[in-house]
Amino acid sequence: MQKFDIIVIGAGPAGSAAATWAARQGRSVALVDKARFPRNKLCGGLFTERSRAYYHEIFGQDFDLSRAVTRRDIAFWHDGTELAVLHDIPPLHLTMRLDLDNTLFTHALAAGATDYSGHAIAELSDNKVTFRDGTQISGAVLIGADGVNSIVARHLFGTPFNKDTIGFGLEIEVPPDAQNPADQPLRIDFAAATWGYGWSFPKQGSTTVGVGGLHAPNPDMKAHFSGYLETLGIDPKQARFKGHYLPFGDFREHPGRGHILLAGDAAGLVDPITGEGIAFAMKSGQLAAQAACDALSAGTPQSALTLYKTALGDMLRNLRIARRLRRIIFAPRWQKAFVSTFRRSGTVRMQYMALLAGELEYPELARSVVTRLPRYLLNALRR
Ligand SMILES: Cc1cc2nc3c(=O)[nH]c(=O)nc-3n(C[C@H](O)[C@H](O)[C@H](O)COP(=O)(O)OP(=O)(O)OC[C@H]3O[C@@H](n4cnc5c(N)ncnc54)[C@H](O)[C@@H]3O)c2cc1C
């Protein structure tokens, strides 16, 4: 059986970041994925400036924007009415996940991680992975970066996510320029789903149209999506819907146990308001890898989770604030007050935009919300 310092399961943004970071520190790393790369992942592909900064920090180079579409105008809609169009916003980059994830995976192999892609796992134990072909590998630390349906989270907690709080997204691909020609803004639709929103994101070669939100209040997400497509002039009967769970605010306070760590979607690290997950996946992968390396250097692999939780402190604090704030954006009883405030207040619009672009952190937003709350409540009562 081949022995590694660290086994990383899942080679998406979280896993490839973890493997790259640990391998660059001279650790032996096995990078396991059931898929062969390039592989696709259902996603809007919005790559924010936050993602770009983390990418630079972790992979040691600038993100190549030549294969992304970058836009600086965005339109916000609600129930078929345009609320506002913002121009010259912080840049929003739209990427194809097939391409993005393959780039990240390639970095991890170049850093020295051993390639176990295309390997299906038959059995997982605390230090050992057995593949379907019977091969086994062992690792002193295990990083579960295997997405929202994580088998590592299932191994630790019996279930990969809480079905009462998980989110869900549906998407279709339409021809480029059918929805967002270059001279048109990007489009976000509040109320395209309950506790969620709809989007139309142009990419190179395709435009992704989707809805996402909490799963429990949207048992009829397909109906919401069909309605949304009709408002965009797309015949839902001609479209092939694809769906995927999204840990939309469903993060774990204890992302692992002892020497087993969870990163990215496996730990539920997705922004509860914007749905952004790529940046948090890469960052948590890096932090998990660093915690693993430090625990190994100290000769105490079991201390990895304690180190990881300390390092994740700021991210978890942000996500907690966001989860509280999202009530006043998405809760049906607040929606009219939010929409009216959004329509009237340039500051609120710019703050929402900065949030979406990854240029504003939640503590700052929370302070601003507190000062506006009395007027907001008054607005809600008037309606
Ligand atoms: C509809 C939708 C739209 C979204 N839009 C955006 C967006 O525009 N911008 C944004 O930032 N985020 C978006 N997200 C969130 C984003 O896609 C995720 O947060 C991000 O992909 C998480 O990365 P990850 O590495 O944790 O997991 P993943 O990207 O899911 O990667 C997990 C990897 O693990 C592998 N794997 C799974 N199970 C196993 C197994 N048993 N054995 C071995 N390997 C396994 C998979 O093959 C995969 O390669 C969206 C999500 C959805 C559902």
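The values are calculated or read from the model by the stated rules, or taken from the named source; none is laboratory data. As the structure is a prediction and not an experimental result, all values here were calculated from the model. Here the Cβ positions follow ideal geometry from the backbone for every residue, glycine too, while neighbour counts run over all protein chains shown.
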When every residue in the range 1-27 that is among the charged types (D, E, K, R) and outside any loop (DSSP other than H, G, I, E, B) is compared, the one surrounded by the fewest Cβ atoms within 10 Å (Cβ to Cβ) is Lys3
Among the candidates Trp195, Trp199, single out the residue that is touching a helix residue (DSSP H, G or I) at 6+ places or on another chain (Cβ under 7 Å) and outside the structural domain of Ala267 (by TED's automatic domain parsing).
-> Trp195
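Every residue in the range 114-155 that is of a type in the set (A, V, I, L, M) and more than 14 Å from the ligand (Cβ to nearest atom), please.
Ala140, Val141
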Close pairs (8 angstrom Cβ cut-off, 6 or more residues apart or separate chains): over 20 Å from Lys283 (Cβ atoms) and away from the ligand (no atom under 11 Å from the Cβ) in the range 1-20, in a strand (DSSP E or B) and at pLDDT below 95 anywhere | none
Out of the residues in the range 201-250 that are farther than 29 Å from Arg72 by Cβ and among the hydroxyl-bearing types (Ser, Thr, Tyr), which is nearest to the chain's Cα centre (by Cα)?
-> Tyr245
What pairs come up if the first residue lies in the range 124-149 and is under 26 Å from Asp294 (Cα atoms), the second is buried (at least 24 other Cβ atoms within 10 Å of the Cβ) and hydroxyl-bearing (Ser, Thr, Tyr), and their beta carbons are under 9 Å apart, counting only those six or more places apart or on different chains?
-> Gly144/Ser150; Ala145/Ser16; Ala145/Ser284
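Can you confirm whether Ala30 is away from the ligand (no atom under 11 Å from the Cβ), assigned to a strand (DSSP E or B) and at pLDDT 95 or above?
yes
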Positions within the range 250-271 being within 12 Å of the ligand (Cβ to nearest atom), assigned to a loop (DSSP other than H, G, I, E, B) and either without any contact (Cβ under 8 Å) to a residue 60 or more places away in the chain or under 18 Å from Gly213 (Cα atoms) (or both), in sequence order = Asp250, Phe251, Pro255, Gly268, Leu269, Asp271
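Going by the structure shown, is Phe248 more than 30 Å from Tyr362 (Cα to Cα) and aromatic (Phe, Trp, Tyr)?
The answer is no for Phe248.
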